[in-house]
Amino acid sequence: MGAQAIGELFAAGVGQVKPGLRDDFLKVYGLGATVGVLLPWGRTQESEADRIGLTLMAKAGYDPSSAIAFWERMSKVSGDKPSEFLSTHPSDATRINQLKEWLPEARSYYRGK
């Protein structure tokens, strides 16, 4: 909503200078705000959720390395996905690499049965 409000303010200024450009400006601004700010922010939140989830599953007694195997299976069965650049989620490959990085920390909480 904040990005939209900023866009509307700028569009009003552009509309004052050249009324015909207001709609074009809003389209370009919307695309730029989405690809440049909103989507990367969403991917960051998804990655944070993955890291917290890995720790929580280890604390709950589940082997955290199973998360990697899960995402490897998911990447094989999922259909066409948008490129990571145009998605709110990390790609499967990025997600798997991040989980591998976080695995040693998660294993410190894991007490297998």
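Tell me the helices (runs of 4 or more DSSP H) entirely within region 8-91 that contain at least 3 residues that are modelled with pLDDT of 70 or more and under 30 Å from residue 104 (Cβ atoms). Break it down into steps so the answer makes sense when it comes.
Working: elements: 22-33, 39-59, 66-77.
Fully inside region 8-91 and qualifying: 39-59, 66-77.
The residue of region 92-106 that is modelled with the highest pLDDT, among those that are charged (D, E, K, R) and buried (at least 16 other Cβ atoms within 10 Å of the Cβ), is 95.
The values are calculated or read from the model by the stated rules, or taken from the named source; none is laboratory data. None of these values were measured; they are calculated from a predicted model. Here Cβ is always computed from backbone atoms with ideal geometry, including for glycine, and neighbour counts include all displayed protein chains.
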